[in-house]
1. Please list, ordered by first then second residue, the pairs with beta carbon atoms under 6 Å, 6 or more apart or interchain, first in the stretch 264-291 and closer than 12 Å to Trp246 by Cβ, second at pLDDT 95 or above and assigned to a helix (DSSP H, G or I).
2. In the stretch 259-280, how many residues are β-branched (Val, Ile, Thr) and surrounded by 24 or more Cβ atoms within 10 Å (Cβ to Cβ)?
3. I need a count of the residues in the stretch 95-106 that are of a type in the set (Ser, Thr, Tyr), modelled with pLDDT of 95 or more and surrounded by fewer than 22 Cβ atoms within 10 Å (Cβ to Cβ).
4. Please find, among Ile260, Ile229, the residue that is of a type in the set (Val, Ile, Thr), closer than 13 Å to Ile189 by Cα and in a helix (DSSP H, G or I).
5. If you go through the stretch 21-31 one residue at a time, do you hit one that is outside any helix (DSSP H, G or I), buried (at least 16 other Cβ atoms within 10 Å of the Cβ), of a type outside the set (Gly, Ala, Ser) and at pLDDT 95 or above?
6. Within the stretch 189-204, is there a residue that is touching a residue at least 24 places away in the same chain (Cβ under 8 Å), touching a strand residue (DSSP E or B) at 6+ places or on another chain (Cβ under 9 Å) and of a type in the set (D, E, K, R)?
7. Residues being closer than 18 Å to Gln15 by Cα and in a loop (DSSP other than H, G, I, E, B): count how many of those fall in the stretch 90-106.
8. Output the residues belonging to the stretch 52-68 that are at pLDDT 90 or above, surrounded by 12 or more Cβ atoms within 10 Å (Cβ to Cβ) and part of a loop (DSSP other than H, G, I, E, B).
Amino acid sequence: MEAKLSTSIGPIQLQRPVMLASGILGISLDVFNRLYREGAGAVVTKSLSKEPWEGYPNPTIFGVKGGGWINAVGLSNPGASNFAKMIEQNKDVPIIVSLVGSIPEDFEFMVNEFSNCNLAGFELNLSCPHVAKVGLEVGDDPELVKKIVTTVKKSTKVPVIAKVGLGTTHYLDTVGAAIDSGIDAITAINTVRSMAIDTETQRPILSNKFGGLSGTPIKPIALRCVFEISSKYKIPIIGCGGISNWEDAVEFFLAGASAIQLGSAVGDRWIEVFNEINTGILDYMKKKGFSKIEEMVGLAKKF
């Protein structure tokens, strides 16, 4: 039987399992169209807030020795209302809009702003590690997570995904709270809170002092989280964190993910990385006799 790359994340159907992660190239419909033509199964936008945010002053990103990045951009974005107008003409691209806020009413407002847009889903950013009063501070409060997810689910028929990360409370509690409130899928994980210091000036390198570590250093952590989530809960999972080649992608499938997202790998190798990884996954499937992505999902849990 012929191998196919199509996959499903709950109610979201994708022709290819490799997606663009939030925060990378995520504010232009022209770019979204190009990414889709170059092999992205879906694109996740930059996280959008109720009002426009300027973000932090430079420096906002730092390359880690041995690979990876620490960034504290500050979720700069044009605001949900402005961005909705920018993508109203979308016809073909599976766009997943990432939203960030601090109270349920923020999310309700933003979801309603996209009512005239053709979307594949919403991704709730419950795990940004470097912006106060949103992100991890929200994700660390399971009761607030329940209220936000419940509000969003009541406000839209579009599928809703929760993006979780590692905060001060156990991330599995956040996952459980989101599932109890009707979430359609989980993205795991976000960047990991971290920092860097300049030994010459003896000062923190980033203007915000702390940022989120991404890239290859966090892949083993993200893989462990996907395995743990899939072992405890029956919920579709999107793997994210340090994926840079087809072997990484397959590992996440075997751990329990049905699709994966690329962030730092796109910054390092540009958009050709999507087709490279798709081709590698397909070759692996043919070699191992898999006809569908779902046949690989969670196989590592058998051992």
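1. If the second residue must be at pLDDT 95 or above and assigned to a helix (DSSP H, G or I), the pairs left are Ala265/Val273; Ile277/Trp246; Ile277/Ala249; Gly280/Trp246; Ile281/Trp246; Ile281/Ala249; Tyr284/Val250.
2. 2
3. Looking only at that region, the number is 0.
4. None of the other options fit; the residue is Ile229.
5. No.
6. yes
7. Residues in the stretch 90-106 being closer than 18 Å to Gln15 by Cα and in a loop (DSSP other than H, G, I, E, B): 5 in total.
8. Correct list: Pro52, Tyr56, Pro59, Thr60, Val64, Gly68.
The values are calculated or read from the model by the stated rules, or taken from the named source; none is laboratory data. This structure is a prediction, so every number in the text was calculated from the model and none was measured. Ideal geometry is used to build each Cβ from the backbone, glycine not excepted, and the neighbour counts take in all protein chains shown.
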